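What follows is a set of notes on a single structure, which appears directly below.
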Amino acid sequence: MPSLASQPSTHSAPQRRTDDLRTIRAKVERGERLSLSDGERLFATPDIWSVCELAALVRNRLHGAPHQNGVAHYNINRHLNYSNVCALSCKFCEFYRKKDDDGAYTRDMDYVREEVRKAVESGATEMHSVGGLHPYLPWDYYTELVATIRDTARSLGSDLHVKAFTAVEIVHLAKIAKVYRADDRTAGIRWVLERLKQAGLGSLPGGGAEVFDDRVHDEAFKGKIRSDVWLDVHRVAHELGLNTNATILYGHIEQRRERLVHMDMLRRAQDEALARLGYTGVKSDDGDQPAITLTRPGTPLPEHIAFGPNGLDNPAAGYFQTIIPLPFFPDGSDLEHLPGPTGLENLRTLAIARLMLDNFPHVKAFWIMQTLPMAQLMLQNGADDIDGTVVWYDITKLASRADDAATHQEVSIASLVKAIRDAGFEPVERDTLYRPVIRDGTRWHVQSPVPTPS
Ligand code: SF4
């Protein structure tokens with residue numbers, strides 16, 4: 001594998017570059033962990049082109065360079081929001097309804113079976129299911145939901161991966177099941193995750209993280225779990241062999257420094273997960289635990305060591321797969337007076353996430369929230385995944401209209417593949433766990449992940 005320094009740049013704006021990122025560049029080229037103050041410089045510099053170039057160097061090391069066998073991932077999935085009834089009223093949320101509000105819904109199992117049928121008929125490999133914190137649904141509803149997705153798909157000759165429930169929902173379920181104890185919260189979390197896994201849960205999505213800061217938490221989403229509990233849920237999931245994702249919802253009342261602290265907390269949690277998988281790290285300047293990076297030359301990605309030769313074995317220990325930076329959209333929320341982040345801020349935040357989260361194998365440009373053209377640009381500046389052919393996404397959306405057109409977010413596979421190819425990358429359909437999907441129409445199977453040739 002060539003060194004980062006020898007890889008050709010995809011950028012050409014030398015007159016706009018400055019020298020103040022030289023030490024950061026040297027660290028990136030060696031695959032060393034960046035400090036929080038490095039991150040602050042990346043946010044502060046007017047030289048956004050160099051920030052993007054550095055993020056592209058890392059992305060290209062992990063997943064290949066454009067026009068040189070570099071790959072970008074997409075998947076075929078379907079979203080099922082089982083209920084929008086929520087006990088909380090987070091300020092940035094336009095999704096939730098109270099039980100008797102117009103537009104409140106809770107799906108029954110007939111509805112779920114019909115959604116599974118549509119997913120299987122469209123060739124989906126994944127059902128992504130989340131909802132509000134419903135105050136009245138019993139615990140059994142959730143295990144039945146997961147088992148219904150799994151069993152209906154199997155009865156139709158498919159094997160939909162169930163990615164469901166944010167950390168916030170998992171804690172809510174522990175309370176509904178009356179197993180959550182403040183003095184030993186991981187016991188209740190473990191109880192819930194073990195039973196959901198038994199019912200067919202395959203992984204956890206990354207939502208509900210928002211920004212790991214108590215001030216921001218108390219001002220914008222008080223009542224939701226704090227960062228320590230969110231990280232507990234993901235740690236227990238990893239211990240049980242469940243992979244998870246992570247998000248950061250930025251561009252509202254947080255400071256850029258708080259975004260960096262959020263990223264640092266995530267990468268420390270990932271250090272622990274990767275250590276369980278057998279990775280070893282190096283002591284960092286400001287860290288109290290060995291920093292495990294995936295950005296040093298020759299380091300395998302977790303999916304290259306977690307699965308057996310047939311690609312079917314589940315990892316013995318789970319880990320974070322993907323960081324998904326999510327820009328805040330003010331329309332329709334209680335923070336409507338805020339401007340929200342600009343396109344350049346979105347690009348810079350994603351590039352910095354790629355640089356700071358040196359032990360996350362994947363960075364997703366979630367096209368639903370970034371737009372497909374911006375996701376394409378992000379593929380060249382840090383991202384290696386643009387998510388999939390999502391149908392029905394109404395958690396946070398670009399438009400705040402109440403009609404179906406605002407929530408029916410869908411692109412064809414051909415559009416995703418074209419967007420990736422136009423960005424210079426080879427499109428790779430992945431399943432939820434980043435195993436390549438071999439497809440014949442709506443029939444599919446997975447292969448073992450193999451390192452990208454470089
Ligand atoms: S963000 Fe989640 S927890 Fe908060 S109000 Fe919306 S659905 Fe409920």
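No value in this document is a laboratory result; all are computed from the given coordinates. Not measured: the values here are computed from a predicted model. Note that we place each Cβ from the backbone using ideal geometry, even for glycine, and neighbour counts take in every protein chain shown.
Residue by residue, what Karplus-based ³J(HN,Hα) values in Hz, rounded to whole numbers, does the range 100-110 have, using 6.51, -1.76 and 1.60 with θ = phi - 60° and x for Gly and Pro?
Taking θ as phi minus 60°, the curve returns 9, 5, 4, x, 6, 9, 9, 7, 8, 6, 5 Hz for the range 100-110.
Quick one: which residues, 5 or more positions from Leu80 or on another chain, have an amide H under 5 Å from its amide H? H modelled 1.01 Å from N in the peptide plane, none for Pro or chain starts.
His128, Ser129, Val130
Quick one: Thr125, Thr106, Thr23, Thr389, fewest Cβ neighbours within 10 Å first, how do they rank? Please report the intermediate quantities before stating the final value.
Values: Thr125 27, Thr106 16, Thr23 12, Thr389 19.
Exposure proxy ranking, most exposed first: Thr23, Thr106, Thr389, Thr125.
For Lys118, which lysines qualify as cross-link partners when the Cα separation must be under 26 Å and same-chain residues fewer than eight apart are set aside?
Lys163, Lys197, Lys364, Lys397, Lys418
Order by neighbour count: Ile305, Ile324, fewest other Cβ atoms within 10 Å first, most last. Can you show the working numbers first?
Working: Ile305 13, Ile324 26.
With the sparsest Cβ surroundings first, the list reads Ile305, Ile324.
Please give the FRET efficiency for Ile305 paired with Asp214, using the beta carbon to beta carbon distance and R0 = 30 Å, rounded to the nearest 0.05.
0.25
At a temperature of 25 °C and a viscosity of 0.890 mPa s, determine how fast the range 4-446 diffuses translationally according to Stokes-Einstein, using the Kirkwood radius over alpha-carbon pairs as Rh; express D in µm²/s, rounded to the nearest whole number.
Approximately 111 µm²/s, per Stokes-Einstein.
Just to be sure I understand the curve: with the Debye formula and one point per C-alpha of the range 318-361, what is log10 I(q)/I(0) at q = 0.29 Å⁻¹?
-0.99
For Tyr136 and Gln198, what is the calculated FRET efficiency with R₀ set at 41 Å and r taken between the beta-carbons, to the nearest 0.05?
Efficiency for this residue pair is about 0.95.
In degrees, nearest 10, range 0 to 90: what is the angle between the Cα axis of helix 227-239 and the longest Cα principal axis of the chain?
The angle comes out at about 90 degrees.
For n ≥ 4 DSSP H runs only, could you compute -39500 (n - 2.57) per run for the chain, divide by its residues and tell me the 222 nm figure to the nearest 500? Show your work: numbers first, answer last.
Numbers: 16 runs with 175 residues, N = 454.
Calculated from helices alone, the mean residue ellipticity at 222 nm is -11500 deg cm²/dmol.
With each pseudo-label sitting 7 Å past Cα toward Cβ, what's the Ala414-Arg154 distance in nm, one decimal?
3.7 nm
What are the residues whose amide H is under 5 Å from the amide H of Trp444, where those residues sit 5 or more places off or on another chain and H is modelled from the backbone?
Long-range HN contacts for Trp444: none found.
Could you tell me what percent of the DSSP beta bridges with both partners in the chain are antiparallel, to the nearest 5? Intermediate values should be presented prior to the final figure.
Numbers: 9 of 40 bridges.
The antiparallel fraction comes to roughly 20 percent.
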